[in-house]
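The values are calculated or read from the model by the stated rules, or taken from the named source; none is laboratory data. Quick caveat: nothing in here was measured; it's all calculated off a predicted structure. Every residue, glycine as well, gets a Cβ built from its backbone with ideal geometry; the counts of neighbours run over all protein chains shown.
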Amino acid sequence: MTGVIVAPATAPGRAALAVVRLSGPGTEDMLRSLAGDLPPARRASLRRLSHDGAGLDQALVLWMPLPASYTGEDMAELHLHGGPGVVGAVLQAAVALGGRLAQPGEFTRRAFANGKLDLAQAEAVADLVEAETASQARQALDQLGGALSRRYDAWRTRLVEALAFLEAAIDFPDEDLPVEVAARARPLLDGLLGELEAALVDAERGRRVREGLKVALIGAPNAGKSSLLNALVGRNAAIVAPTPGTTRDVIEQPLVLAGYQLLLADTAGMRESDEEIEAEGVRRARAWAEEADVRVLVVDGSLGDGGWVEARLEARAGDLCLINKADLKPGGDAMSADGWSGIAGLDVLRLSLRDGADPVRAWLTTRATALLTGADFPAATRLRHQERLLEARDRLRAAIVSAEQGAELAAEDVRLAARALERVTGRVGAEEVLGRVFSTFCIGK
């Protein structure tokens with residue numbers, strides 16, 4: 001990674017201020033050319049920027065020489081007035097002086113290459129930029145601070161300790177070593193396996209915080225799903241009409257509760273249909289409900305035709321059964337849905353959505369908090385982390401079995417488990433994932 005890269009670090013468009021970043025060998029000379037001289041290191045200094053005799057802007061300039069910079073290279077930031085014309089002119093001048101426009105994530109990739117961040121921390125930078133809720137920001141900050149990396153490094157250290165016992169038994173069988181030295185590895189492996197199992201059980205939590213908790217609103221046509229969605233998000237996001245089958249496709253809307261991101265989905269009313277478009281809507285509704293973390297089964301409590309039964313097939317223990325239209329005379333469906341929910345393990349609320357959805361909002365808040373509150377260790381936030389955890393867990397299981405047959409096979413499985421954990425932080429095998437990780441970044445980060 002050579003040469004100076006340049007990019008705006010702030011969003012495009014008109015604003016009071018804009019920040020342009022420079023990084024790489026040659027940044028010092030480029031900054032002298034633009035600012036007339038080199039400002040004191042790490043002190044914001046007012047300078048008039050110019051190129052080829054033409055003024056560009058009056059800006060605050062920060063000069064950050066290596067190694068104490070974000071990228072670990074010579075680096076500078078130009079705090080400009082935010083007009084697009086100003087930013088464009090400064091970028092053109094930097095390119096004319098030998099720089100090039102940075103690729104997405106290239107500043108952070110250089111920070112990784114120079115040892116300023118490991119791969120898990122680099123991913124946290126992208127998560128922090130994309131964070132829309134307090135919980136997402138907290139999780140990303142913890143990961144950026146090294147919480148996830150420290151946990152994986154601690155696991156790796158214990159694997160190395162176990163490996164030392166196994167290799168001692170292999171390499172020095174005739175030496176005066178304690179009896180059953182290889183057996184000393186077993187308690188370490190058993191304890192670590194238990195922690196990896198627990199981490200995998202909790203693995204979905206990190207992704208749910210990062211991507212949002214998926215909540216599917218399901219039920220028969222005209223049960224009140226669209227009314228519920230509108231009441232929860234506080235606007236008319238979905239069309240409400242007395243005609244059954246108004247909602248044909250999945251309508252998704254974000255909602256923030258207690259600092260957690262939820263993604264609500266109003267789905268098509270579930271019933272058997274020969275009409276092609278409605279049948280496709282029902283198929284999509286079932287698929288979304290299958291993938292959801294939580295489902296709210298909406299039942300029209302004024303009816304008694306059993307139409308709600310079709311949708312109950314998608315509900316699971318821990319979901320909510322909302323018996324709607326409590327302001328009307330109750331029908332048989334209210335009683336049957338209440339009774340079935342108690343047997344199936346669903347919570348039950350009775351209300352009229354004409355009065356709002358505050359009880360549902362409170363239930364969702366409690367459910368989201370229970371599902372997303374942190375465990376005793378940092379959560380895996382990406383599928384890549386979960387895959388490596390699975391690999392390490394499987395290798396540890398194999399090592400425990402192999403130890404009964406000989407230390408050689410067990411040692412190899414322990415070594416592979418350690419390598420799987422190292423891949424999370426990028427200690428080994430980083431090149432295979434670098435392109436995928438950094439391509440998701442915004443320009444200038």
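Scanning segment 29-60 for residues that are surrounded by fewer than 17 Cβ atoms within 10 Å (Cβ to Cβ) and either outside the structural domain of Ala16 (by TED's automatic domain parsing) or charged (D, E, K, R) (or both) turns up Asp29, Arg32, Asp37, Arg42, Arg43, Arg48, Asp52.
Of all the numbered requirements in (1) part of a helix (DSSP H, G or I); (2) outside the structural domain of Ser149 (by TED's automatic domain parsing); (3) modelled with pLDDT under 90, Val424 misses one, and that requirement is (2). Taking the numbered list (1) surrounded by 21 or more Cβ atoms within 10 Å (Cβ to Cβ); (2) at positive phi; (3) out of contact with any strand residue (DSSP E or B) (no Cβ under 6 Å at 6 or more places or on another chain) in turn, Lys325 passes all entries but (3). Scan Ala59, Ala76, Ala18 and give me the residue that is closer than 15 Å to Phe107 by Cβ, at pLDDT 95 or above and in a strand (DSSP E or B). Only one candidate qualifies: Ala76. Give the number of residues within segment 246-267 that are outside any loop (DSSP other than H, G, I, E, B) and touching a Ser or Thr at 6+ places or on another chain (Cβ under 6 Å). Number of matching residues: 5. Would a scan of segment 380-394 turn up a residue that is assigned to a helix (DSSP H, G or I) and touching a Cys at 6+ places or on another chain (Cβ under 9 Å)? Checking segment 380-394: not a single residue is assigned to a helix (DSSP H, G or I) and touching a Cys at 6+ places or on another chain (Cβ under 9 Å). Against the numbered list (1) closer than 30 Å to Ala137 by Cβ; (2) assigned by TED's automatic domain parsing to the domain that holds Ala198, Gly406 comes up short only at (1).
If Ala285 satisfies all but one of (1) within 30 Å of Gln139 (Cβ to Cβ); (2) hydrophobic (A, V, I, L, M, F, W, C); (3) touching a residue at least 60 places away in the same chain (Cβ under 8 Å), what's the number of the condition it fails? Going through (1) within 30 Å of Gln139 (Cβ to Cβ); (2) hydrophobic (A, V, I, L, M, F, W, C); (3) touching a residue at least 60 places away in the same chain (Cβ under 8 Å) one by one, Ala285 breaks only (1). The condition (being modelled with pLDDT of 90 or more and either under 27 Å from the mean Cα position of the chain (by Cα) or assigned by TED's automatic domain parsing to the domain that holds Gln405 (or both)) is satisfied by just one residue among Ala126, Ala120: Ala120. Does Leu213 fit the bill of being crowded, with 21+ Cβ neighbours inside 10 Å and at pLDDT 85 or above? Spelling it out, Leu213 is indeed crowded, with 21+ Cβ neighbours inside 10 Å and at pLDDT 85 or above. Flag set for Arg43, criterion: among the charged types (D, E, K, R) and more than 18 Å from Gly444 (Cβ to Cβ). Would segment 268-291 turn up any residue that is in a loop (DSSP other than H, G, I, E, B), under 14 Å from Val215 (Cβ atoms), at pLDDT 90 or above and out of contact with any Asp or Glu (no Cβ under 7 Å at 6 or more places or on another chain)? Checked against the condition, which is being in a loop (DSSP other than H, G, I, E, B), under 14 Å from Val215 (Cβ atoms), at pLDDT 90 or above and out of contact with any Asp or Glu (no Cβ under 7 Å at 6 or more places or on another chain), segment 268-291 yields no hits at all.
Within segment 306-362, the residues that satisfy the criterion of being assigned to a loop (DSSP other than H, G, I, E, B), within 28 Å of Ala258 (Cβ to Cβ) and either under 29 Å from the mean Cα position of the chain (by Cα) or of a type in the set (A, V, I, L, M, F, W, C) (or both) are Glu314, Ala315, Arg316, Ala317, Gly318, Asp319, Ala326, Leu346, Leu351, Ala357. Consider segment 361-370 and keep the residues that are buried (at least 21 other Cβ atoms within 10 Å of the Cβ) and not charged (D, E, K, R). The one that is nearest to Leu228 (Cα to Cα) is Leu364.
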